[in-house]
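Report on one structure; see the data block that follows.
The values are calculated or read from the model by the stated rules, or taken from the named source; none is laboratory data. Note that the coordinates shown come from a computational prediction; the quantities given were computed from them, not determined experimentally. No Cβ is skipped: glycine too gets one built from the backbone with ideal geometry, and neighbour counts run over all protein chains shown.
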Amino acid sequence: MGYNNHLNPPLLRGDLSEVSHAPVLVEETLSALSCRKDVEATYLDCTVGMGGHTEAILKVTDPNVRVIGIDRDRDALSIAKQRLIPFQDRVTLCHGSLKALLEIAKGLGLFEVSGILFDLGISSMQLSSAKRGFSFQILGPLDMRMDPSLPITAATLINTLREKELADMIYQYGEEQRSRKIAAFIVRHREEKGEITQTTQLADIICRAVRQKSKWTRTHPATKTFQALRIAVNDELGELEAGLSHAVSLLAVGGRLVVISFHSLEDRPVKNRFRELCHVGAPHAAPSVKKFINLYKKPIIATREEVAKNLRARSAKLRALERVA
Ligand SMILES: C[S@@+](CC[C@H](N)C(=O)[O-])C[C@H]1O[C@@H](n2cnc3c(N)ncnc32)[C@H](O)[C@@H]1O
């Protein structure tokens, strides 16, 4: 298996049985990417995670098709490396983020590719790992960095932002209506009891702020605040915006960009960017310039059968774009 440069992820033997991540909308992704036998192609799986989508692409394509798998999480890459051993001659794994997509591609001598996949958000492996601090249900440090070399953790934000900054962040990235109340409770806790360092500690404070017991009906009261922190810590929206630009510039004619998102803050920029790119008469539609079409009028969502098997699929939306000229 080819490994790029600075990355040589250790094989995490045995880990696959402990952590699993069922990829969503697999058939739909293969179809949107137009993966077929007898076609020579290079795909970029920019959020390779535990390698589920990449494995599916490699299984349905010819031996001359290769996939470059990128992720900002080295643990995920180690698991993908193990899973993809049967296809090792056809895969290159790279550590990096969407913002570095162009640089990574150029470093590999790639200037145009046949298909690009973004399967956004975090994996079940990340969510269920206590030390990563993504889950309000699992006791762990308030970390939430997809790449542990990032400079700021969720604890840094929770303990250093001013009340208004906290409220704004929770509102903007969590779309949480009760952001002011939650921010006020966090700041009061900081002043009276000291730093907030653990996931479940923060979840309790949020439950008290919104006067809802941690027993929940549909959505836990901490869901949106945790989403906001994760987005802020990892600059997820900045990453997405930059990643979309790079991806569009890397598509060959006939190439496709497929994006799977899990909430409206992810889906909206994708929808808007695709609409802009496909708008006939837009400045970029001049004869010498690239042209794109939206493959689906509405996003593709999971079937009931898939949601019954994999709850993560319930909020997944797939959008796809093709470069036609
Ligand atoms: C939903 S999981 C992908 C699962 C994968 N498709 C599979 O089948 O196993 C999302 C992955 O994307 C990675 N990721 C999220 N944002 C990223 C970014 N901006 N750059 C690179 N990787 C990112 C996460 O670390 C995580 O491993």
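Which helices (runs of 4 or more DSSP H) does segment 144-237 wholly contain that include 1 or more residues that are over 30 Å from Asn272 (Cα atoms) and in contact (Cβ under 8 Å) with a residue 40 or more places away in the chain?
Output list reads 154-160, 179-193, 199-209.
Restricting to segment 246-271, and then to whatever is of a type in the set (Val, Ile, Thr) and not in a strand (DSSP E or B), can you tell me which residue is surrounded by the fewest Cβ atoms within 10 Å (Cβ to Cβ)?
Per the stated criteria, the residue is Val248.
Name the residues in segment 150-178 that are of a type in the set (Ser, Thr, Tyr) and in contact with a helix residue (DSSP H, G or I) (Cβ under 9 Å, 6 or more places away or on another chain), would you?
From segment 150-178, those of a type in the set (Ser, Thr, Tyr) are 153, 156, 160, 171, 173; that's our starting set.
Listed by number, the residues that qualify are Thr153, Thr156, Tyr171, Tyr173.
Determine if segment 125-136 includes at least one residue that is among the charged types (D, E, K, R), surrounded by fewer than 18 Cβ atoms within 10 Å (Cβ to Cβ) and farther than 30 Å from Thr29 by Cα. Before the answer, list the steps.
We begin by selecting, within segment 125-136, every residue among the charged types (D, E, K, R); these are 131-132.
Keeping just the survivors that are surrounded by fewer than 18 Cβ atoms within 10 Å (Cβ to Cβ) gives 131.
Filter again for farther than 30 Å from Thr29 by Cα, leaving 131.
Yes, segment 125-136 contains at least one residue that is among the charged types (D, E, K, R), surrounded by fewer than 18 Cβ atoms within 10 Å (Cβ to Cβ) and farther than 30 Å from Thr29 by Cα.
This table checks each residue for (1) more than 15 Å from the ligand (Cβ to nearest atom); (2) more than 17 Å from the chain's Cα centre (by Cα).
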site	(1), (2)
Leu84	no, yes
Ile104	no, yes
Phe118	no, no
Ser123	no, no
Ile138	yes, yes
Leu142	yes, yes
Thr160	yes, yes
Ala167	yes, yes
Ile182	yes, yes
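Given the structure, is Leu229 crowded, with 22+ Cβ neighbours inside 10 Å, within 16 Å of the ligand (Cβ to nearest atom) and either closer than 22 Å to Leu127 by Cβ or at pLDDT below 95 (or both)?
For Leu229, the condition - crowded, with 22+ Cβ neighbours inside 10 Å, within 16 Å of the ligand (Cβ to nearest atom) and either closer than 22 Å to Leu127 by Cβ or at pLDDT below 95 (or both) - is met.
I'm trying to understand the selection: among the residues of segment 86-102, which are part of a helix (DSSP H, G or I), in contact with a helix residue (DSSP H, G or I) (Cβ under 9 Å, 6 or more places away or on another chain) and either more than 9 Å from the ligand (Cβ to nearest atom) or not assigned by TED's automatic domain parsing to the domain that holds Ala247 (or both)?
Pro86, Phe87, Gln88, Arg90, Leu102
Identify, please: which residue in segment 45-82 is of a type in the set (Lys, Arg) and either within 14 Å of the ligand (Cβ to nearest atom) or touching a Gly at 6+ places or on another chain (Cβ under 8 Å) (or both) and is, among those, nearest to Leu110 (Cα to Cα)?
Arg72
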